[in-house]
1. Only one residue in L131, L146 is over 25 Å from D259 (Cβ atoms), of a type outside the set (F, W, Y) and not assigned by TED's automatic domain parsing to the domain that holds L57, so which one is that?
2. Between a residue in region 16-35 that is within 12 Å of M254 (Cα to Cα) and any residue that is assigned to a loop (DSSP other than H, G, I, E, B) and modelled with pLDDT of 95 or more, which pairs come within a Cβ distance under 7 Å, given they are 6 or more apart or on different chains?
3. Would you check which residues across region 200-218 are of a type outside the set (D, E) and without any contact (Cβ under 8 Å) to a residue 24 or more places away in the chain and list them?
4. Starting from region 219-231, keep only residues that are assigned by TED's automatic domain parsing to the domain that holds D204, then list their pairs with residues that are in a strand (DSSP E or B) whose Cβ atoms are within a distance under 6 Å, requiring at least 6 positions of separation or different chains.
5. Among the residues of region 192-203, are any among the charged types (D, E, K, R) and modelled with pLDDT under 95?
6. Working carefully through the options V40, V76, V45, find the one that is modelled with pLDDT of 95 or more, within 30 Å of A170 (Cα to Cα) and touching a strand residue (DSSP E or B) at 6+ places or on another chain (Cβ under 7 Å).
7. Across region 194-240, what is the total count of residues that are under 24 Å from A147 (Cα atoms), more than 9 Å from the ligand (Cβ to nearest atom) and of a type in the set (S, T, Y)?
8. Can you tell me which residue in region 232-244 is surrounded by the most Cβ atoms within 10 Å (Cβ to Cβ), limited to those that are within 22 Å of L112 (Cβ to Cβ) and in contact (Cβ under 8 Å) with a residue 40 or more places away in the chain?
Amino acid sequence: MQRITGKSRILFILGDPVAHIVGSALLNEHFVARGIDAAVSPLHVAPDDLATTIATLRRLQNVAGFGVTIPHKIRVIELLDEVGARGRQVGAVNFVRRRADGTLFGDNVDGLGFIGGLAKAGVELRGKRVLQVGAGGAGRAIAFALAEAGVAHLQIANRSHARAVDLAAAVAAAYPGCRTEAGPADPAGFDIAVNTTSLGMKPDDADPLDLARLAPSCVAAEVIMTPEMTPFLAAASARSCRIVRGKEMLLAQMQAASDLVGL
Ligand SMILES: NC(=O)c1ccc[n+]([C@@H]2O[C@H](COP(=O)([O-])OP(=O)(O)OC[C@H]3O[C@@H](n4cnc5c(N)ncnc54)[C@H](OP(=O)(O)O)[C@@H]3O)[C@@H](O)[C@H]2O)c1
């Protein structure tokens, strides 16, 4: 049972809408499990109110920081004092620390969460060949994180091919030791296949990649949290692949977010 008092550190998750947000509950569970005296609540903030909300949060002395979700992850950058290397690379921030003097430091922990989820599942990344489908917000964070984690070959497939080309070029420039390129959504020959698109959230969605070409040795990793078992994961499991659910990424982000805000 969480006991919030005047000594508790307070956080918010700023979004619009907020009804789908579950990260607040997970973060509260994380605090309770570790005996951290802090509490987090979603805060429904329309885009027009983002700047005034953040100006107010700066002045609230028991606020440790805040998370940022759709549609604020990019816009928030211009309202912060400092952005970490991952946030700058990705071009989006999802957690912000409020320092004692009211200045704000933001960074992106999506990639750390994804890598943490794989590590918890015992999936080795160093030297591996990875097919990543998707080059949106989550995809950008994950591509840089995979290269940073030492994968040998990263192929990025995306519906809008130009976005995959741009992302591959940015990752290759930042991590020349990783062979990074844009290519088709064909998992044959890869050790790990990752879905970072939103395909699989709705029942009539197309498959994110060519499921018939998944080898049993390929690890299938997902970012989607609802449904927990997407058609991609179900097909991979049926082909005897190891699977890593999107929930693992979110759970692993809790530690990274807690560290970022200094709790
Ligand atoms: N587990 C976690 O902790 C976590 C964290 C963050 C996000 N997520 C999940 O990640 C997913 C993506 O989020 P995001 O923020 O990256 O979204 P986003 O920035 O809107 O990117 C969406 C991606 O999906 C692709 N896509 C969307 N509809 C498609 C379609 N009909 N056909 C083919 N490709 C399609 C987009 O391709 P185009 O570039 O061609 O549009 C893009 O690559 C969501 O399900 C989100 O809930 C999970």
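1. On inspection, the qualifying residue turns out to be L131.
2. Note: no pairs meet the criteria.
3. First, the residues of region 200-218 that are of a type outside the set (D, E): 200-203, 206, 208-209, 211-218.
Once the filter is applied, which keeps residues that are of a type outside the set (D, E) and without any contact (Cβ under 8 Å) to a residue 24 or more places away in the chain, region 200-218 yields K202, P203, A206, A212.
4. Hits for this filter: V219/I192; A220/A193; A220/I243; A221/V194; A221/V244; E222/N195; T230/E222.
5. Yes, there is a match, as at least one residue in region 192-203 is among the charged types (D, E, K, R) and modelled with pLDDT under 95.
6. Selected residue: V76, the only one of V40, V76, V45 that is modelled with pLDDT of 95 or more, within 30 Å of A170 (Cα to Cα) and touching a strand residue (DSSP E or B) at 6+ places or on another chain (Cβ under 7 Å).
7. Adding up the residues that qualify gives 1.
8. Result: V244.
The values are calculated or read from the model by the stated rules, or taken from the named source; none is laboratory data. Everything numeric here is computed off the predicted structure, so don't read it as measured data. Cβ: placed from backbone, ideal geometry, glycine included. Neighbour counts: every protein chain shown.
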